[in-house]
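These notes concern the structure reproduced below.
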Amino acid sequence: MTATAQARPPKVVATGISKWYGALEVLHNVTLEIHQGEFVCLLGPSGCGKTTLMRTLDGLILPDEGSVQLDGALITSPPRQAAVVFQQFGLFPWKTVSQNVAFPMVLDRLPPTQIDEKVKWAIDLVGLKGFEAAYPDRLSGGMRQRVGIARALALGPELLLMDEPFASVDAYTRELLQAELLSIWERFRQTVVFVTHSIDEAITLADRIVVMKAKPGEVLHIYDVPIERPRTIASVRRHPAYEPLRAKIWEDMLTGSGREM
Amino acid sequence: MDMQNPLSDTRSALRERVLERRQRAAQKRRNRFLLIRVLSFVVVLGAWQIYGLNTIDLIFSPFTDVIAHLYQLLVYGPLAAAIVYSVSMFLGGLVIGSIVGILLGVAMGRFAGFEAAVGMYVYAIYSTPLVALIPLISLWFGFGIEAQLIIISMFVLFPVTIAVYNGVRNVDASLTEVARSFRANEMAMWRHVIIPSVVPYIVTGVSQGVAMGLVGMFISEIYTALSGMGQVLAYSANSYKTADMLAVLLTVMVLGVFFRAVIEKLRKRLAPWFNTDTGR
Ligand SMILES: Nc1ncnc2c1ncn2[C@@H]1O[C@H](COP(=O)(O)OP(=O)(O)OP(=O)(O)O)[C@@H](O)[C@H]1O
Ligand SMILES: [Mg+2]
């Protein structure tokens with residue numbers, strides 16, 4: 001962990017989390033500390049419990065053992081400070097782009113003028129101007145996830161939980177979205193937990209990478225990414241630390257999936 | 001925002017052009033379909049006319065004769081009053097059947113205990129030919145308006161119940177999770193997730209209910225007290241007035257198409273996200 005990260009107060013603390021589904025132990029004794037303003041990537045093979053861990057961090061499910069704290073308070077249901085971006089976008093097909101973005105604020109009963117303002121701001125931010133009245137089925141995958149991101153950002157969350165947000169868009173759009181996320185995050189510096197399958201994506205985005213293994217889901221290793229910001233995709237790929245880190249994580253993931261054991 | 005980059009202007013211009021082109025293509029497609037419909041209409045009516053002219057009046061009548069008889073029946077005969085009566089009964093049955101069907105479907109879909117208690121009877125009655133129940137209904141409720149309304153409602157009830165039940169069962173669990181993660185309470189869940197996802201199913205169910213309700217309307221008018229359009233149909237059949245029969249049938253057909261078109265309009269209003277006409 002870098003010195004600056006350590007100096008910041010912890011935002012999210014997960015302590016000894018275990019979760020069972022029937023006889024299947026999905027998470028085993030996961031302990032994780034995420035600092036204020038830190039960008040953390042969760043990286044691991046399919047089925048290692050990344051989504052389950054995210055749900056636990058958001059209070060959507062409760063762990064069988066251990067606990068999650070946000071700003072020192074125990075999490076038992078989805079907290080106001082957090083917002084989730086979902087892998088399958090999670091847009092309501094019966095709501096337009098604006099209505100989808102407005103939805104969490106409508107639930108929070110914000111005054112309509114304030115909602116309008118924030119919706120406009122968030123839609124501009126993700127480059128969807130002109131599509132306010134469109135229904136999601138008229139948008140491409142990349143545009144849909146922009147809506148998902150706008151919906152989360154409009155709330156002004158302190159903690160952004162992103163579950164493989166770019167997994168179902170094409171490679172080109174994916175890099176475009178990574179670049180935009182980088183530039184947005186470098187302006188606002190929310191605390192981010194970002195789940196991904198992709199080592200490249202993790203190195204590009206994260207301050208720290210938490211590598212998990214499957215059966216049961218456990219934290220295998222935590223890496224610092226010693227690449228300075230602001231970053232671009234190109235600057236990350238050119239960085240001398242990029243290749244060695246990539247190789248190390250790759251080896252980890254092979255070990256974690258049991259192929260070298 | 002300072003996110004503005006020089007690219008974004010050209011990008012949005014491009015998007016507008018793409019949208020515009022798409023709209024034009026859709027318009028073209030609609031025009032082509034309209035043309036096909038008109039042509040098909042001309043062909044079918046032409047065949048009807050030719051066949052009718054070459055067949056004795058007892059068996060079949062040319063289209064022009066049917067229209068003439070329709071006019072006679074409407075202006076000088078009993079058809080106008082019969083339509084008013086039948087359509088009122090039909091609409092009454094449609095409303096009752098739809099409301100009960102929606103409530104039943106929602107309750108069965110949302111509350112497992114209720115489904116366990118009631119589901120089997122619903123399926124049992126659904127599997128019984130409703131016509132077979134008419135003597136029983138007449139026995140209990142007589143031959144009047146009450147019995148007719150009950151019969152029509154029963155025809156409407158089942159397609160609506162089944163469709164709504166399926167709709168409630170198919171509410172996307174990932175969307176309820178989204179709502180939960182944004183701290184929706186039960187009320188908000190119904191308002192923003194469950195009801196909107198069931199609306200298209202309701203419309204589909206009611207649309208099927210329209211078709212079944214028209215069947216129920218005729219059956220109730222023929223099998224209970226002879227009345228309405230059923231009566232006009234039966235009289236013209238008994239006196240071998242084939243053109244009159246065809247005129248009544250044409251009227252029902254037009255009514256059926258009209259009501260389904262109304263429902264389709266309603267779908268577009270209630271569920272504009274649910275596109276059926278533009279090919280996905
Ligand atoms: N509600 C549930 N009931 C039973 N088993 C579940 C449930 N949710 C998840 N699991 C199981 O828990 C394991 C971990 O699931 P999870 O979705 O957390 O994995 P993941 O790391 O997010 O995978 P992916 O990368 O494919 O999204 C899987 O084996 C899955 O089948
Ligand atoms: Mg997952």
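Evaluate the following for B:SER40: is it in the same structural domain as B:MET217 (by TED's automatic domain parsing) and either more than 18 Å from B:MET253 (Cβ to Cβ) or small (Gly, Ala, Ser) (or both)?
Working: in the same structural domain as B:MET217 (by TED's automatic domain parsing): no; either more than 18 Å from B:MET253 (Cβ to Cβ) or small (Gly, Ala, Ser) (or both): yes.
No, not satisfied.
Has segment A:204-220 got any residue that is in contact with a His (Cβ under 6 Å, 6 or more places away or on another chain), outside any strand (DSSP E or B) and modelled with pLDDT under 90? Step through it out loud before you land on a result.
Quick first cut of segment A:204-220, residues in contact with a His (Cβ under 6 Å, 6 or more places away or on another chain) only: A:211, A:216, A:218.
Filter again for outside any strand (DSSP E or B), leaving A:216.
Those left that are additionally modelled with pLDDT under 90: A:216.
Looking through segment A:204-220, at least one residue is in contact with a His (Cβ under 6 Å, 6 or more places away or on another chain), outside any strand (DSSP E or B) and modelled with pLDDT under 90.
Starting from residues that are within 9 Å of another protein chain (Cβ to nearest Cβ) and either part of a helix (DSSP H, G or I) or open to solvent by less than 20 Å² (accessible area, probe 1.4 Å) (or both), keep the ones in segment A:120-139 and report whichever is nearest to B:ARG22 (Cα to Cα).
Ranking the qualifying residues of segment A:120-139, first place goes to A:ARG138.
Is at least one residue of segment A:75-87 within 16 Å of ligand 1 (Cβ to nearest atom) and free of Cβ contacts under 8 Å to residues at least 60 places away in the same chain? Give the derivation first.
Kept after step one, since they are within 16 Å of ligand 1 (Cβ to nearest atom), are these residues of segment A:75-87: A:84-87.
Applying the additional criterion that residues be free of Cβ contacts under 8 Å to residues at least 60 places away in the same chain yields none.
Taking every residue of segment A:75-87 in turn, none turns out to be within 16 Å of ligand 1 (Cβ to nearest atom) and free of Cβ contacts under 8 Å to residues at least 60 places away in the same chain.
Applying the selection to segment A:14-59, what residues are within 14 Å of another protein chain (Cβ to nearest Cβ) and within 15 Å of ligand 1 (Cβ to nearest atom)?
Kept after step one, since they are within 14 Å of another protein chain (Cβ to nearest Cβ), are these residues of segment A:14-59: A:51-52, A:54-59.
Within segment A:14-59, A:THR51, A:THR52, A:MET54, A:ARG55, A:THR56, A:LEU57, A:ASP58 qualify.
Which condition does A:PRO104 not pass, out of (1) within 7 Å of chain B (Cβ to nearest Cβ); (2) at pLDDT 90 or above; (3) over 17 Å from B:ARG180 (Cα atoms), if it passes all the others?
Every condition holds for A:PRO104 apart from (3).
Sort through B:VAL206, B:VAL232, B:VAL178 and tell me the only one that's over 14 Å from the mean Cα position of the chain (by Cα), away from every other protein chain (no Cβ under 14 Å), crowded, with 22+ Cβ neighbours inside 10 Å and assigned to a helix (DSSP H, G or I). Before the answer, list the steps.
Details: B:VAL206 fails: over 14 Å from the mean Cα position of the chain (by Cα); B:VAL178 fails: away from every other protein chain (no Cβ under 14 Å).
Criteria check complete, one pass: B:VAL232.
Pick from B:ALA211, B:ALA271, B:ALA188: which is facing chain A (nearest Cβ under 10 Å) and at pLDDT 90 or above?
On the way: B:ALA211 fails: facing chain A (nearest Cβ under 10 Å); B:ALA271 fails: at pLDDT 90 or above.
It is B:ALA188.
Considering each of A:ILE227, A:ILE184 in turn, give the residue that is among the aliphatic types (A, V, I, L, M), more than 21 Å from A:ARG55 (Cα to Cα) and in a helix (DSSP H, G or I).
Values: A:ILE227 fails: in a helix (DSSP H, G or I).
Unique residue meeting the criteria: A:ILE184.
Identify all residues within segment A:105-150 that are touching a strand residue (DSSP E or B) at 6+ places or on another chain (Cβ under 7 Å) and not small (Gly, Ala, Ser); write none if there are none.
At the first step, the residues of segment A:105-150 found to be touching a strand residue (DSSP E or B) at 6+ places or on another chain (Cβ under 7 Å) are A:148-149.
If the condition is that a residue be touching a strand residue (DSSP E or B) at 6+ places or on another chain (Cβ under 7 Å) and not small (Gly, Ala, Ser), then A:ILE149 is the only one that fits.
Checking the condition under 18 Å from the mean Cα position of the chain (by Cα) and more than 24 Å from A:PRO79 (Cα to Cα), which residue from A:ARG246, A:ARG174 passes? First the steps, then the outcome.
Details: A:ARG246 fails: under 18 Å from the mean Cα position of the chain (by Cα).
The unique qualifying residue is A:ARG174.
Which of the residues spanning segment B:75-103 are of a type in the set (Gly, Ala, Ser) and either closer than 19 Å to B:ARG260 by Cα or under 16 Å from the mean Cα position of the chain (by Cα) (or both)? Write out each step before concluding.
Keep residues of segment B:75-103 that are of a type in the set (Gly, Ala, Ser), which gives B:77, B:80-82, B:86, B:88, B:92-93, B:97-98, B:101.
Correct list: B:SER86, B:SER88, B:GLY92, B:GLY93, B:GLY97, B:SER98, B:GLY101.
Picking from B:ILE222, B:ILE194, B:ILE263, which residue would you name as being of a type outside the set (Gly, Ala, Ser) and within 14 Å of chain A (Cβ to nearest Cβ)? Break it down into steps so the answer makes sense when it comes.
Working: B:ILE222 fails: within 14 Å of chain A (Cβ to nearest Cβ); B:ILE263 fails: within 14 Å of chain A (Cβ to nearest Cβ).
Criteria check complete, one pass: B:ILE194.
Exactly one condition in (1) away from ligand 2 (no atom under 16 Å from the Cβ); (2) modelled with pLDDT under 90; (3) open to solvent by less than 50 Å² (accessible area, probe 1.4 Å) is not met by A:ALA167; state its number.
Only one criterion is unmet by A:ALA167, namely (1).
Quick check on segment A:175-182. Is at least one of its residues away from chain B (no Cβ under 14 Å), without any contact (Cβ under 8 Å) to a residue 40 or more places away in the chain and polar (S, T, N, Q)?
Within segment A:175-182, none of the residues are away from chain B (no Cβ under 14 Å), without any contact (Cβ under 8 Å) to a residue 40 or more places away in the chain and polar (S, T, N, Q).
Go through A:PRO104, A:PRO111 for me and flag whichever is away from ligand 2 (no atom under 16 Å from the Cβ) and buried (at least 21 other Cβ atoms within 10 Å of the Cβ). Before the answer, list the steps.
On the way: A:PRO111 fails: buried (at least 21 other Cβ atoms within 10 Å of the Cβ).
Just one listed residue meets the conditions, A:PRO104.
Pick out the one residue from A:THR196, A:THR191 that is within 16 Å of ligand 1 (Cβ to nearest atom), of a type in the set (Ser, Thr, Tyr) and touching a residue at least 40 places away in the same chain (Cβ under 8 Å). It would help to see each step written out before you state the result.
Details: A:THR191 fails: within 16 Å of ligand 1 (Cβ to nearest atom).
That would be A:THR196, the only listed residue that is within 16 Å of ligand 1 (Cβ to nearest atom), of a type in the set (Ser, Thr, Tyr) and touching a residue at least 40 places away in the same chain (Cβ under 8 Å).
Those residues that are open to solvent by 10 Å² or more (accessible area, probe 1.4 Å) and under 23 Å from A:ASP224 (Cβ atoms), I need them from segment A:17-35; list them, please.
A:ASN29, A:THR31, A:GLU33
Conditions (1) open to solvent by 20 Å² or more (accessible area, probe 1.4 Å); (2) away from ligand 2 (no atom under 15 Å from the Cβ), marked per residue:
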{"site": "A:GLY37", "(1), (2)": "no, yes"}
{"site": "A:LEU42", "(1), (2)": "no, no"}
{"site": "A:GLY47", "(1), (2)": "yes, no"}
{"site": "A:LEU53", "(1), (2)": "no, no"}
{"site": "A:LEU57", "(1), (2)": "no, no"}
{"site": "A:ALA82", "(1), (2)": "no, yes"}
{"site": "A:GLY90", "(1), (2)": "no, no"}
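Select from segment A:187-203 the residues that are in a strand (DSSP E or B) and either within 18 Å of A:ARG146 (Cβ to Cβ) or away from every other protein chain (no Cβ under 14 Å) (or both) and write down the one among them that is nearest to ligand 2 (Cβ to nearest atom). Spell out the reasoning first.
As a first pass, look at segment A:187-203 and keep what is in a strand (DSSP E or B): A:191-196.
Next, only the ones that are either within 18 Å of A:ARG146 (Cβ to Cβ) or away from every other protein chain (no Cβ under 14 Å) (or both) stay: A:191-192, A:194-196.
Values: A:THR191: 20, A:VAL192: 17, A:PHE194: 12, A:VAL195: 7, A:THR196: 10 Å.
That would be A:VAL195.
Specify which of the listed residues (A:THR31, A:THR52) is at pLDDT 90 or above, part of a helix (DSSP H, G or I) and not basic (Lys, Arg). Even if it seems obvious, please write down each step before you answer.
Working: A:THR31 fails: part of a helix (DSSP H, G or I).
Exactly one of A:THR31, A:THR52 is at pLDDT 90 or above, part of a helix (DSSP H, G or I) and not basic (Lys, Arg), namely A:THR52.
Identify the residue in segment A:191-229 that is hydrophobic (A, V, I, L, M, F, W, C) and open to solvent by 30 Å² or more (accessible area, probe 1.4 Å) and, among all such residues, is nearest to A:ALA179 (Cα to Cα). Full working, then the answer.
Of all residues in segment A:191-229, those hydrophobic (A, V, I, L, M, F, W, C) come to A:192-195, A:199, A:202-203, A:205-206, A:209-212, A:214, A:219-220, A:222, A:225, A:227.
Then keep just the ones that are open to solvent by 30 Å² or more (accessible area, probe 1.4 Å); that gives A:219-220, A:222.
On the way: A:VAL219: 27, A:LEU220: 28, A:ILE222: 24 Å.
Once the filter is applied, the top-ranked residue is A:ILE222.
The values are calculated or read from the model by the stated rules, or taken from the named source; none is laboratory data. As the structure is a computational prediction, the values presented were derived from the model and not from experiment. Positions of Cβ are backbone-derived with ideal geometry, glycine not excepted, and every protein chain shown enters the neighbour counts. Note: areas computed on protein heavy atoms with side chains; ligands, DNA, RNA excluded. Shrake-Rupley method; radii C 1.70, N 1.55, O 1.52, S 1.80 Å.
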